[in-house]
Amino acid sequence: MKIAQNAVVTLNYTLSDAQNNLIEESREPMVYLHGGYNNTLPKIEEALEGQQAGYKVTIQVEPEDAFGEYDPELVKIEDRKLLPTPLELGMQFEGSPEADDEQQESLIFTVTEIADDKVVLDGNHPLAGIALRFSLDVVEVRAASDEEVAHGHVHGAHGHHHGHDDDEEGDDGEFRSIPVH
Ligand SMILES: [Zn+2]
């Protein structure tokens, strides 16, 4: 079966930067629903469209097609006392914008530096500004069930689907909310 709209695609991948430094290797195959459901990057779907199991390809994806350009404005310095304790580098928080910036979406901030009484919070995605190289290896292609198509995601053994109550709300609640100025 070929990869087309509403195919469930199982693949192994390695993610490197443009200099071939390994960033991430799939420990388990990734499974996604093909056809613009935002289950994976559009450039990956584009590269796999019409292909089948056994197909291997390496693609390079520029920041604007992946996690965006690095935005220095998203780096904030906060008083340490506004943040929870204990605090460690790499911890992530959801930043709730101030009342006067209602239009701004809340962002995930990563703690990148801790000084005595100040903390640097970076609201950029950890892969922002990096050209990414994906090596993709298609393991399996099957047709999605009607239910999967209706939900816009994969169910079953390798699908990360656990109950539907949270589906509409996205990932809210996974991070503690903090004020970011
Ligand atoms: Zn579902």
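K76 versus (1) in a helix (DSSP H, G or I); (2) among the charged types (D, E, K, R); (3) surrounded by 12 or more Cβ atoms within 10 Å (Cβ to Cβ): which is the lone unmet condition?
So K76 meets the others, but not (1).
For every residue, the table says whether it meets (1) modelled with pLDDT of 95 or more; (2) closer than 17 Å to H125 by Cβ; (3) part of a strand (DSSP E or B).
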{"site": "K2", "(1), (2), (3)": "yes, no, no"}
{"site": "T10", "(1), (2), (3)": "yes, no, yes"}
{"site": "Q19", "(1), (2), (3)": "no, no, no"}
{"site": "E45", "(1), (2), (3)": "yes, no, no"}
{"site": "A53", "(1), (2), (3)": "yes, no, no"}
{"site": "Q60", "(1), (2), (3)": "yes, no, yes"}
{"site": "P86", "(1), (2), (3)": "no, no, no"}
{"site": "G95", "(1), (2), (3)": "no, yes, yes"}
{"site": "Q103", "(1), (2), (3)": "no, no, no"}
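Hey, could you check segment 27-57 for residues that are polar (S, T, N, Q) and surrounded by 14 or more Cβ atoms within 10 Å (Cβ to Cβ) and say which is nearest to E148 (Cα to Cα)?
N39
Which condition breaks for H151 when tested against (1) at pLDDT below 70; (2) within 16 Å of the ligand (Cβ to nearest atom); (3) over 16 Å from the mean Cα position of the chain (by Cα)?
Among (1) at pLDDT below 70; (2) within 16 Å of the ligand (Cβ to nearest atom); (3) over 16 Å from the mean Cα position of the chain (by Cα), the lone unmet condition for H151 is (1).
The values are calculated or read from the model by the stated rules, or taken from the named source; none is laboratory data. Note that the structure is predicted; figures quoted are calculated from it, not measured. Here Cβ is always computed from backbone atoms with ideal geometry, including for glycine, and neighbour counts include all displayed protein chains.
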